[in-house]
1. Can you name every residue in the range 83-111 that is of a type in the set (Gly, Ala, Ser) and under 13 Å from the mean Cα position of the chain (by Cα)?
2. What do you reckon, is Ser103 surrounded by 22 or more Cβ atoms within 10 Å (Cβ to Cβ), modelled with pLDDT of 90 or more and polar (S, T, N, Q)?
3. Taking the condition over 19 Å from Ser27 (Cβ atoms) and buried (at least 16 other Cβ atoms within 10 Å of the Cβ), does Thr92 pass?
4. Tell me which residues, restricted to the range 71-88, are basic (Lys, Arg) and within 15 Å of Ser175 (Cβ to Cβ).
5. Quick one: which of Lys43, Lys70 is basic (Lys, Arg) and crowded, with 22+ Cβ neighbours inside 10 Å?
6. Show the residue pairs meeting these rules: Cβ distance below 6 Å; 6+ apart or different chains; first residue within the range 14-39 and touching a residue at least 24 places away in the same chain (Cβ under 8 Å) and surrounded by fewer than 24 Cβ atoms within 10 Å (Cβ to Cβ); second residue among the polar types (S, T, N, Q) and in a helix (DSSP H, G or I).
7. I want to confirm something. Restricting to the range 146-181 and keeping residues that are under 20 Å from Arg132 (Cβ atoms) and of a type in the set (S, T, N, Q), which single residue is surrounded by the fewest Cβ atoms within 10 Å (Cβ to Cβ)?
8. How many residues does the range 82-98 contain that are closer than 17 Å to Ala33 by Cα and either outside any helix (DSSP H, G or I) or of a type outside the set (Gly, Ala, Ser) (or both)?
Amino acid sequence: MPHWEIILFFLIIAFVYASVGFGGGSSYIAVLAIYNYPIPELKLIALICNIIVVTGGTIIFIKNKQVDWKKVIPLVTLSVPLAFLGAKVKLTQDSFFIILGFSLIVAAILLWIKFRFVSEQEVVAHKISYLRDGLLGGAIGFLSGMVGIGGGIFLSPVLNLTKWDMPKRIAATASFFILVNSVAGIAGQQSAVPADINYATVGLLCGAVFVGGQLGARFGTARFDQLLIRRITAIVVFVAGADVLLKHLGVHLH
């Protein structure tokens, strides 16, 4: 049975991340790492929670025709198989957490950046490169598979910085990207899932993120300043990344 505070953390994380179109996998992992969950278990929990949080939003985005499939397909064509392969990479505990720590710090920096408003004209003028998008999606997918996150926390800021599309369509793209990469990550690590995993714990945490994600998707976007939420998220992610690095990088340095 998880500590009650873990359930509360997961609910809050899901609320905050859902309000900006992310799943929260990076922060779920950071919380579970603090409580010394085994790596295969914490990765599985984070990916399942990702799927729960972003599925509803993805369906809404698709219904509202916010997903531009011609632009999205190149991003996920390589990301899905590489997320699957990344999940199969066997890392030592310290190597895993060092990669995770650096990943979280990079994600925090990207989240902190304030994006200038992009007009439809700028989006139209932006040259689409299927090769570049494929390589970008593949690289993020592989990293996501290794550390057990969906990758939207990296993809969304990069797409905003490059004026890839309007913010709403980028959020829709990131949501779908997280969903398919999380599914691929779970498929890739099936053989590594411990037989004695506590499914009651998984169920409670999934319930917490379902409630938090539903509340965040419905109320967060409408009532809160998006830049403020992104920057609060950036601070949380940076602190988690720094904490992970200090604990595990020190092992290699001494």
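1. Here is the first cut: in the range 83-111, the ones of a type in the set (Gly, Ala, Ser) are 83, 86-87, 95, 101, 103, 107-108.
Residues satisfying the conditions are Ala83, Ser103, Ala107, Ala108.
2. Criteria not met by Ser103.
3. no
4. Within the range 71-88, Lys71 is the sole residue that qualifies.
5. Step by step, each of Lys43, Lys70 is checked, and only Lys43 is basic (Lys, Arg) and crowded, with 22+ Cβ neighbours inside 10 Å.
6. If the second residue must be among the polar types (S, T, N, Q) and in a helix (DSSP H, G or I), the pairs left are Val16/Thr233.
7. So, considering only residues that are under 20 Å from Arg132 (Cβ atoms) and of a type in the set (S, T, N, Q), the one surrounded by the fewest Cβ atoms within 10 Å (Cβ to Cβ) is Thr162.
8. Looking only at the range 82-98, we keep the residues that are closer than 17 Å to Ala33 by Cα, and these are 91-98.
Now restrict to residues that are either outside any helix (DSSP H, G or I) or of a type outside the set (Gly, Ala, Ser) (or both): 91-94, 96-98.
So the count comes out to 7.
The values are calculated or read from the model by the stated rules, or taken from the named source; none is laboratory data. As the structure is a computational prediction, the values presented were derived from the model and not from experiment. Don't worry about glycine lacking a Cβ; one is built from the backbone with ideal geometry, like all the others, and counts go over all protein chains shown.
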